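We did not get these values from a lab; they are worked out from the coordinates using the rules stated. Note that the structure is a prediction, hence the values are computed from the model and not measured. Using ideal geometry, Cβ is built from the backbone for each residue, glycine included, and neighbour counts are taken over all protein chains shown.
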Amino acid sequence: MRWNGRVLSLLDQRLLPREETWVDCHNASEVADAIRTMVVRGAPAIGVSAAFGMAMAATRGDDLQQAADELKGARPTAVNLAWAVDRMLRTSGDLAAEAERMFNEDVAANMRLGRYGAELLGERATVLTHCNAGALATAGYGTALGVIRAAVESGKRISVFADETRPYLQGARLTAWELQRDNIETTLITDNMSGHFFKQGAFDAVIVGADRIAANGDAANKIGTYTLAVLAHAHDVPFYIAAPVSTIDPATPNGDAIPIEERSAQEVTDFFGARVAPEGIQVRHPAFDVTPARLITAIITDKGVLRPPYEEAIRNVFKT
Ligand code: MRU
């Protein structure tokens, strides 16, 4: 994302990697729309975008509470969105400066958690990731991909398997694009191939991002993440969540209390504008699932690596 002090420009993630088109947002409604329609996606990225939306509302003299409600209502699962908007509502000074601070803090948090996470990987490792928890999903650097980037920067030989991530293909379109640009060895697989590769012992670790981590460590992330956690557990492969502290919601007691966004049936029945399923078929499209804390080996945050029991580890993070 780019901010020129007046306009927020977002790289349209619906079109990548085929087209690099930027969408300009001039007010909070346009930002909310960009979040709803997935021009921008990924928990920290939608939080920081919403902060710029609030800054534009303040500059224009728009009703801040109305802007906040519209932005927060754009997507329900990622807590970073509400966290960022509430922080802007609490700001008494210059909202644009606060949004810029949030942008810089997110990049710094990712770099910090990247370094903590890199230490968990061996000198040579193959990592499976799901969805896109990279620079595109944050203000920059990435969470799960931040760990991979930091490990590569420290001289480790990391090879990545990226799940394509049906139905929105964040893995095939965005993670593959980002990692290829960084010259990080990447192999793309469809979601239903991971069990086969787990059985072959292909993975040393699974690293994914999160949209909301509850007070007990249960973590919501892109649909399909839970399946990987179960597979990792069955094959004795460490399963890591990488997320900034802004993704932890101490007010959500456990995973059952995390609202799961249900997206349109069309994203399931159609493939790039072409209908592939019969007309009239019933469809479900939960966009996220919840991985229970007991399946998570560690949560890599910008304040260090959290280990079970998470309830206590999370309480301590918010004490400091
Ligand atoms: O629907 P999306 O693409 O916004 O979902 C994104 C994810 O699930 C990411 O893994 C999560 O937001 C973490 S991004 C650092």
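Remark: spin-label model distance A265-R90 equals 4.2 nm, labels positioned 7 Å along the Cα→Cβ axis.
I need to check one value: relative contact order of the chain, counting alpha carbon pairs closer than 8 Å and at least 6 residues apart, in percent. The normalised contact order for the chain reaches 16 percent. Directionally averaged projected area (the range 2-108, Cα convex hull): 6.1 nm².
In this simple spin-label approximation, S154 and R36 carry label points 7 Å from Cα along the Cα→Cβ vector, and these lie 4.3 nm apart. Take every pair of alpha-carbon atoms less than 8 Å apart whose residues are at least six positions apart; their mean separation over the length of the range 33-106 yields a relative contact order of 39 percent.
Among the trypsin sites (Lys or Arg not before Pro) in the range 223-320, those placed in a DSSP loop whose Cβ has at most 13 other Cβ atoms within 10 Å are R284. DSSP assigns beta bridges within the chain; of those with both partners inside it, close to 45 percent run antiparallel.
Report the gain in length on full extension from N104 to F272: 0.36 nm times residue separation, minus Cα-Cα distance, nm rounded to one decimal.
57.0 nm
Stretching the chain fully between H285 and D182 yields a gain of 33.9 nm (0.36 nm per residue, less the alpha carbon separation). Given +1 at the Cβ of Lys and Arg, -1 at the Cβ of Asp and Glu and no other charges, the dipole of the range 115-319 around its Cα centre is 340 debye to the nearest 20. Shown here for the range 202-301: GluC sites (Glu not before Pro) in loop regions (DSSP other than H, G, I, E, B) with at most 10 other Cβ atoms within 10 Å, namely E279. The helix-based estimate of mean residue ellipticity at 222 nm for the chain, built from -39,500 (n - 2.57) per DSSP H run of four or more residues and divided by its residue count, is -11000 deg cm²/dmol to the nearest 500. Restricting the calculation to alpha carbons of the chain gives Rg and Dmax of 18.7, 59 angstrom. Across the range 287-320, the residues whose backbone nitrogen lies under 19 Å from the label position 7 Å along the beta-carbon direction of A257 are 289-294, 309-319. With N the number of residues in the range 176-320, Rg(Cα) / (2.2 N^0.38 Å) evaluates to 1.18.
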